[in-house]
Amino acid sequence: MRDVRMRGFRERVSVAMALAILEPRTGLLGSEATPILEAAGRVAADDVTAPISVPHFARAAMDGYALAGEATFGSSPHAPVALPIVGGALPGRPFEGSIRKNEAIRITTGAPIPAGADAVLMAEHAEEVSRDGTPILHVTEPVPPGKHVGAVGEDVRAGAVIVSRGRRLRPQDVGVLSAVGVASMVVVKRPSVRILLTGDEILPPGSTPSGASIADANGPMLAALARRDGAGELLVEYVADRREAVRDAIVGAREDVLLISGGSSVGSEDHAPLVLAEVGELVVHGVAMRPSSPAGFGFLGDDRRRPAFLLPGNPVSCLCAYEFFAGPTIRALGGLPRRWPHARRRCEVASKIVSALGRTDYVRVAVEGDRVIPIMTSGASILSSTTRADGVVIVGEDEEGHGEGAWVEVLLYDGAGSQ
């Protein structure tokens, strides 16, 4: 490969071309079983069918009295139907045996409906009296058969697909899975991620910047982004600006994804691209985008299947390169859609958004009502511009920007979109 250090890029590939190269080489990892209590947020590797119905017995959907609905026909407050009460049923404590047509039992919500009964009369529509020591139910309003009864399979039918392959499991999904007796789920493996932070000036998070040193912003940001996108095991490592140190760190990485922050541009100490080309495969270096033009990626391992991403050291460039290339890959490896996980909103441009043909722009914007305004202080090193922004507008390479009054899609920083 050409050494671009202190020379610059002769040419840069388009974002579209870079993604066209990257996507076919990054797909699903393998699968693994996980306990149902740990399955929320994971991606189902296979369809799951219900082995039983829910409920698997007819149950009361109301507190009251279980009886044969036909026995209540003709009842009214002035001419109540009288039925002897022969027992009761509670959840987990069913009435043993069956009832005759002109009998009733007390029942609470969730308890099994006994044989001979087909309806539940609400307590408000009845009155208990005693006759010679025998409890008698006076029914003051008729109840049709099937009323207030949860039928077998009303919630889930045996044999029905309750989770489809590729679904990211929500809390309610694992609730349904548990309800049909599923103890563990086969899910897509979550990609492990290693983050290498290069630079002699970088101090770990929590350090107080002094002299020529700066506290690390990219490491915590990348770790949070990777977790958002479904990463599993995650490791952060700091590496000195020495070729051998960078080489050892890259060679020593065994994770599914490697994120290299810094050392990707054309400076004399930007070793990562050359090292990646030496120990693996450098596929793209230099992308026609702003910010983050020194971004790139390649692959590691004997089979050249483990992606390694070159993310510029400037924090906004680092964020931008991650969102375009690393984030979609981590999501795809873990079975999630490559699509950016941001809520989206259509807004009218209030102040012109400037770009240039042949370049993709990541434009930080503020949203005021239904109008969008570009953030004026927007250098690649000004990370606070992203905290003051409500989101971004992506200007494609075939556009020169958006004039005032145009309608654009805003990808919002707050609020995740559907996956």
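Quick check on the stretch 352-415: take the gyration tensor over C-alpha atoms, sort the square-rooted eigenvalues as a ≥ b ≥ c, and tell me if it's rounded (a/c under 1.5), prolate or oblate.
Note, shape of the stretch 352-415 comes out oblate.
Using a 10 angstrom cutoff on alpha carbons, build the Gaussian network for the chain and name the most mobile of 131, 305, 331.
Comparing 131, 305, 331 in the GNM, the peak value goes to 131.
Quick one: if you take sqrt(5λ) for each eigenvalue of the C-alpha gyration tensor of the stretch 59-150, what semi-axes come out, biggest first, whole angstrom?
Its equivalent ellipsoid spans semi-axes of 19, 14, 11 Å.
If you count, for each residue, the other Cβ atoms within 10 Å and average over each peptide, how do 53-63, 84-94, 194-204 line up from highest to lowest?
Highest mean packing first, the order is 194-204, 53-63, 84-94.
Return the single residue from 220, 337, 294 with maximal mean-square fluctuation; model: Gaussian network over the chain, springs between Cα atoms under 10 Å.
Between 220, 337, 294, it is 220 that shows the largest mean-square fluctuation.
Gain in length, residue 352 to residue 279, computed as 0.36 nm per residue apart minus the alpha-carbon separation, to one decimal in nm?
Result: 21.8 nm gained on full extension.
If you build a Gaussian network model of the chain, linking Cα atoms that sit under 10 Å apart, which residue out of 27, 369, 230 swings the most?
369
Estimate the FRET efficiency between residue 131 and residue 409 by the formula 1/(1 + (r/R0)^6), using the beta-carbon distance for r and 51 Å for R0, to the nearest 0.05.
0.10
Just want the answer: with Cβ charges of +1 for Lys and Arg and -1 for Asp and Glu, which residue in 212, 283, 223 is farthest toward the dipole's positive end in the stretch 190-284?
Positive-end residue among those listed: 223.
In nm, what is the difference between 0.36 nm times the number of residues separating residue 160 and residue 200 and their Cα-Cα distance?
Length gained between residue 160 and residue 200: 8.6 nm.
Tally Lys and Arg at +1 and Asp and Glu at -1 over the other residues with C-beta under 13 Å from the C-beta of residue 214: what net charge comes out?
-3
How many angstrom separate the Cα center of the stretch 371-404 from the Cα center of the stretch 249-291?
Between the Cα centre of the stretch 371-404 and that of the stretch 249-291, the gap is 26 Å.
Quick check: Cα centre of the stretch 46-116 to Cα centre of the stretch 300-342, how many Å?
For the stretch 46-116 versus the stretch 300-342, the Cα centre distance is 57 Å.
What number comes out for the charge environment of residue 77, summing +1 per Lys or Arg and -1 per Asp or Glu over other residues with Cβ under 11 Å away?
-2
We did not get these values from a lab; they are worked out from the coordinates using the rules stated. Because the structure is a prediction, the values reported are computed rather than measured. Positions of Cβ are generated from backbone atoms using ideal geometry, with glycine treated the same way; all protein chains shown enter the neighbour counts.
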